[in-house]
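> Pasting a structure here, questions to come.
Here, each number is a calculation from the coordinates, and none is a lab measurement. Being a predicted model, the structure only gives us computed values, none of them experimental. Reconstructed Cβ throughout: ideal geometry from the backbone, glycine too, with neighbour counts over all protein chains shown.
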Amino acid sequence: MELKVLEKIGLTKNESLVYKTLLQLGTSKTGEILKKSQLNSGKIYEILESLKVKGLLSESLINNVKYFTAAPPSQILEYIKDKKEELEQEASIVKSAIPELERLQNITTKETKSVTYTGLRGIKTAVDEALSSMKPKEDILAMGVTELKDENFNKFWERWQIQRINKKISQKMIFSEKREYYKKFSKSQYTQTKVLTGITPVTVDIFGEEKTLILNYGDSPSCILIYDKNTAQSFRQFFKQLWKQAK
């Protein structure tokens, strides 16, 4: 199978290579996959997890050892079908959000303050700063929340919930997938959760009436904390529309 064919439907180069390798090997351990594909071991679990989310491989436990099996090639058509449905859903969401996004474009920026933070330590600082000035009756709205990022960030957010709960700050969260991370937060105090797949490539948190935090968990994690009431209100309206569509 040509790797470029898989890349054209949205798989990364490494995902395509691992999927092709599993088709050739059959049910295999990570060591066997790495040896055949000659990939660096550092990101193999991230690649396998991504393929699993896409429905292109399954995982099993045999004698306490994880094995992975490629889904039949016909499953690729199902993946494309699901992707098409997600794109149609995203188009509908964006269409309904355009009026609010256009309002953002016309906001006067004279009094707007924004600060960029990088790395886990910087993001911790931004989040703590955003929470520190919140009042008990204010809430946090989060969209694009995902488990698929560095585990250190997942652990940070789980620990950080204690601070929020102690301040009795309620939150609504829209997750991009329904996994264990979603289940953990669904049990948190003062928390409501829903799922809406593929809504945004970044996570956006609105703290109260004036602060918006935009987080990017890519190769160089960073965030922008915006202090502006109009920006926060626009994103809050956007969130409300997404919340109605989420399940």
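> Under unit Cβ charges (Lys, Arg +1; Asp, Glu -1), what dipole magnitude, rounded to 20 debye, does the chain have relative to its Cα centre?
Details: 41 positive and 31 negative charges, 105 e Å.
In total the dipole reaches around 500 debye.
> Related question: Against the longest principal axis of the chain, how steep is helix 119-132, in degrees 0 to 90 to the nearest 10, with axes from Cα atoms?
So the inclination is approximately 30 degrees.
> Shifting gears a bit: What list of ³J(HN,Hα) couplings, whole Hz, do you get for the stretch 174-183 from phi and the Karplus terms 6.51, -1.76, 1.60, once you set θ to phi - 60° and write x for glycine and proline?
Coupling constants for the stretch 174-183: 10, 8, 8, 7, 9, 9, 4, 4, 4, 5 Hz.
> Now for a separate question. Separation between the residue 240 and residue 179 pseudo-spin-labels, each 7 Å from Cα along Cα→Cβ, expressed in nm?
Reported label-point gap for residue 240 and residue 179 is 3.2 nm.
> Using the Cα centre as the reference, give the magnitude of the dipole from point charges on the C-beta atoms of the stretch 3-73 (Lys, Arg: +1; Asp, Glu: -1; all else neutral), rounded to the nearest 20 debye.
Numbers: 11 positive and 6 negative charges, 37 e Å.
Using Cβ point charges on Lys, Arg, Asp and Glu, the stretch 3-73 gives about 180 debye.
> In addition: Taking +1 at the Cβ of each Lys and Arg and -1 at the Cβ of each Asp and Glu, which of 114, 87, 171 sits farthest along the dipole of the stretch 53-195 towards its positive end, judged by Cα position relative to the Cα centre?
The Cα lying farthest towards the positive end belongs to 171.
> OK, next. Please rank 127, 65, 195, fewest neighbouring Cβ atoms within 10 Å first, as an exposure proxy. Before the final figure, lay out each step's value.
Details: 127 22, 65 10, 195 16.
By the 10 Å Cβ count, ascending: 65, 195, 127.
> Amide H to amide H, which residues 5 or more places from residue 198 or on other chains are under 5 Å from it, using H placed in the peptide plane?
Under 5 Å from the amide H of residue 198: no residue qualifies.
> Oh, and also: What spacing in nm lies between the two simple spin-label points modelled at residue 69 and residue 7, each 7 Å away from Cα in the Cβ direction?
3.0
> Still on this model: Distance between Cα centroids, the stretch 35-69 to the stretch 1-23: provide it in whole Å.
Computed from Cα coordinates, the inter-centre distance equals 14 Å.
> Can you list residues whose amide H is under 5 Å from residue 170's amide H, if they're 5+ apart or on another chain and H is modeled 1.01 Å from N?
For residue 170, the qualifying residues are 140.
> While we're here: Which value, in Å to one decimal place, does the Kirkwood hydrodynamic radius take for the chain when every pair of different Cα atoms is included? Numbers along the way, then the final one.
Values: mean 1/r = 0.0500 Å⁻¹.
Taking every pair of different Cα atoms in the chain, averaging 1/r and inverting gives 20.0 Å.
> Okay, next question. If the elastic network links every pair of Cα atoms under 10 Å, which of 35, 211, 149 fluctuates the most in the Gaussian network model of the chain?
35
> Reachable lysines from residue 36, Cα under 19 Å, same-chain residues fewer than 8 places away excluded?
Excluding near neighbours in sequence, the set is 4, 13, 20, 66.
> Oh, and also: Rounded to the nearest 20 debye, what is the charge dipole size of the stretch 115-206 about its Cα centre when +1 sits on each Lys and Arg Cβ and -1 on each Asp and Glu Cβ?
Values: 17 positive and 11 negative charges, 74 e Å.
Computed about the Cα centre, the dipole is about 360 debye.
> Can you give me the relative contact order of the stretch 1-159 as a percent, contacts being Cα pairs under 8 Å and 6 or more apart? Mind showing how you got there, number by number?
Details: 92 pairs, mean separation 22.7, N = 159.
Relative CO of the stretch 1-159 lands at 14 percent.
> Can I ask one more? Multiplying the sequence separation of residue 29 and residue 135 by 0.36 nm and subtracting their Cα-Cα distance, what value in nm do you get? It would help to have the intermediate numbers written out before the result.
Numbers: separation 106, 0.36 × 106 = 38.16 nm, distance 5.07 nm.
So the chain would gain 33.1 nm between residue 29 and residue 135.
> Looking at the chain, what % of its DSSP beta bridges pair antiparallel, to the nearest 5? Display every interim value, and only then the final one.
Working: 28 of 39 bridges.
Roughly 70 percent of the beta bridges in the chain run antiparallel, per DSSP.
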